[in-house]
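Colleague: Starting off with a structure, shown below.
The values are calculated or read from the model by the stated rules, or taken from the named source; none is laboratory data. On a predicted model such as this, the values are computed, not experimentally measured, just so you know. FYI the Cβ positions are ideal-geometry reconstructions off the backbone, even for glycines, and counts take in every protein chain you see. Side chains included, ligands, DNA and RNA excluded: accessible areas come from the protein's heavy atoms. Shrake-Rupley method; radii C 1.70, N 1.55, O 1.52, S 1.80 Å.
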Amino acid sequence: MTQSKHDFPIPTLPAGKLLIGGAWLDAEDGQTIDVVNPATEQVYTQIAAGSARDVDRAVRAAQGCFESKAWQGMRPLDRGRLLERLALLVEENADELATLEGWDNGKPFPVARHIDVQFTMDALRYYAGWASKAAGEYIALSPFANDGGIYRAYTERRPVGVVAGITPWNFPLGQAVQKIAPAIAFGCTIVLKPSEETSMTALRLGELICEAGFPDGAVNIVTGYGDPVGTSLVDHPLVRKISFTGSTATGQRILAGASSQMKRVTLELGGKSPTIVLADADMDQAIPGAAMAIFANSGQLCTAGSRLIVEDAVYDEVTKGVAEFAKSLPIGHAFTPDVMLGPLISQRQLDKVSGMVSAGVEAGAQVLCGGGRAAGSGYFYQPTVVANVDTDAQLNREEIFGPVVIASKLTGLNQLKAAANDTEYGLGASIWTSDINKAHLLADQIDAGTVWINTHNVLDTAMPFGGMKMSGLGREFGSEAIHAFTEAKAVCMRLDPSKI
Ligand code: NAD
């Protein structure tokens, strides 16, 4: 690493090439995409813009590896060792990876280092352990045939085959590993397509994968746009499973595209998650908790607590507190000391967030703090609290994916519950209360893949994660990952007691 003239560390950049069959290759037609640092709006490097032909090369490499004797014969423990070795290399290069994420995604260096890179190491180690534990079961059958035989069955967990991992830009390194680690642990091979906005840490991870000694073709990386790279992966007949994290609109397209070949699909999609604050909550925890539920990662979190639903008795205290907290959050470049919030990822995202807030204000919404672009260059948006928004307004219904929270005042548990569930999404929710009864009774009734109590946005590779309703299909993380990356195969046998 060197220092730039602004005293920002500059990481060694991976070559913007494609990882196919263990080799780093240019895109076949030589196309590239400019990579922009969202805090400076400056282009600082290029990545390859893959094509359908590049996808085909990568998928064939993955299929070749999957069918190879070496891969099929590799002991599960040894697949685990590959992941352990990679975890160690990530650890050795942790600062470098976090610096790269700071440049590419814009998030503050400490966040990249202690959340993204830490999650990456944890996920690799967690799945390394799973490689040897994907067991089937032994089943005693009750057959209809009264033929004197004894029937038994066992199941095995078979890897689905070549996986396409398609990821978004908000947690680039963590998302890449969320696809790669379980795929490898459970015996699949993979083609990863990172977001065209943030491919740098996935490419660096690819270099570390080569260094760790993964067999050629086990992990392939094709950078480029959703169309053609993502679409070609979805269409390719040798891809048996698509593990997608991204917006609900893209997820719907992928689901439709995958259906003709009956591909396995896991969809981790968007959200409009409620943060529910009851009157009896400990406000010293609830106010900063509700604020960081939405403002962490500048609101670019699928589980962001973007609807603040507060019991009427404490509404003024909570909204005032969250607005004050928002104003105190230092915004800036990834490497400026003490910065807590980075920029949005792109001009497009900045325009989307600004446009939604402006339209809301024109329709009568009240801005309690923020409400505009932060001064200076870079795609920075002020942490914003908005009130007085109609239930059916776009601000209350659609995912904003920026640091904007919509506050509403309600009375009693039934109203709070109804408001929390009044959304097409069902990804996350948090409940802030000192009453354990209310906490559990409410948690029971919230339609969300994860409900947090007195905390928000806590993710752990050991805890299943995914969405209800329009927030997704299937689960990843924890033991659920077995179902996402393997299929049960039953073997049924008749034992003949007369042979003894
Ligand atoms: P996006 O859907 O625009 O893109 C995600 C990925 O899909 C990118 O790599 C993109 O190139 C690719 N893609 C685009 N069109 C495609 C197509 N037709 N076929 C195949 N691939 C295609 O999402 P984004 O803007 O990068 O990310 C933000 C979204 O991701 C938000 O909605 C957020 O809630 C969601 N997200 C969900 C989770 C979760 O776990 N549920 C986590 C993080 C982000």
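Colleague: Which one of these does Trp452 not meet: (1) within 16 Å of the ligand (Cβ to nearest atom); (2) within 30 Å of Val318 (Cα to Cα); (3) open to solvent by 40 Å² or more (accessible area, probe 1.4 Å)?
Modeller: (3)
Colleague: Limited to the range 320-346, what total is found for residues that are in a helix (DSSP H, G or I) and either within 16 Å of the ligand (Cβ to nearest atom) or open to solvent by 10 Å² or more (accessible area, probe 1.4 Å) (or both)? Explain how you work it out, then say what you get.
Modeller: To start, the set of residues in the range 320-346 that are in a helix (DSSP H, G or I) comprises 320-328.
Next, only the ones that are either within 16 Å of the ligand (Cβ to nearest atom) or open to solvent by 10 Å² or more (accessible area, probe 1.4 Å) (or both) stay: 320-321, 324-325, 327-328.
Matching residues across the range 320-346 total 6.
Colleague: If you don't mind, there's one more thing I want to ask. Within the range 183-299, which strands (runs of 3 or more DSSP E) (wholly inside it) include 3 or more residues that are touching a residue at least 40 places away in the same chain (Cβ under 8 Å), away from the ligand (no atom under 16 Å from the Cβ) and touching an Asp or Glu at 6+ places or on another chain (Cβ under 9 Å)? Spell out how you get there, then give the answer.
Modeller: Working: elements: 189-193, 219-221, 239-245, 264-268, 273-277.
No strands (runs of 3 or more DSSP E) qualify here.
Colleague: Kindly provide the set of residues from the range 62-86 that are more than 13 Å from Phe214 (Cα to Cα) and part of a helix (DSSP H, G or I), ordered by number.
Modeller: Selection gives Gln63, Gly64, Glu67, Lys69, Gln72, Gly73, Pro76, Leu77.
Colleague: Any idea which of Ala61, Ala98, Ala52 is within 30 Å of Ser377 (Cβ to Cβ) and among the hydrophobic types (A, V, I, L, M, F, W, C)? Give the derivation first.
Modeller: Values: Ala61 fails: within 30 Å of Ser377 (Cβ to Cβ); Ala52 fails: within 30 Å of Ser377 (Cβ to Cβ).
Answer to the check: Ala98.
Colleague: Failed condition for Asp447, given (1) open to solvent by 50 Å² or more (accessible area, probe 1.4 Å); (2) assigned by TED's automatic domain parsing to the domain that holds Ala185; (3) not in a helix (DSSP H, G or I), with all others met?
Modeller: (2)
Colleague: Now a separate question. So which residues in the range 140-177 are open to solvent by 20 Å² or more (accessible area, probe 1.4 Å) and either assigned to a helix (DSSP H, G or I) or among the polar types (S, T, N, Q) (or both), if there are any at all?
Modeller: The answer is Ser142, Asn146, Thr155.
Colleague: I'd like the full set of residues that are β-branched (Val, Ile, Thr) and buried (at least 21 other Cβ atoms within 10 Å of the Cβ), limited to the range 455-464.
Modeller: First pass over the range 455-464, keeping only residues β-branched (Val, Ile, Thr): 455, 458, 461.
Listed by number, the list holds a single entry, Thr461.
Colleague: Could you please tell me which pairs satisfy a Cβ distance under 8 Å, a separation of 6+ or placement on different chains, a first residue in the range 462-473 that is without any contact (Cβ under 8 Å) to a residue 12 or more places away in the chain, and a second residue that is open to solvent by less than 50 Å² (accessible area, probe 1.4 Å) and near the ligand (Cβ under 10 Å from one of its atoms)?
Modeller: That search, which allows pairs on different chains as well, returns nothing.
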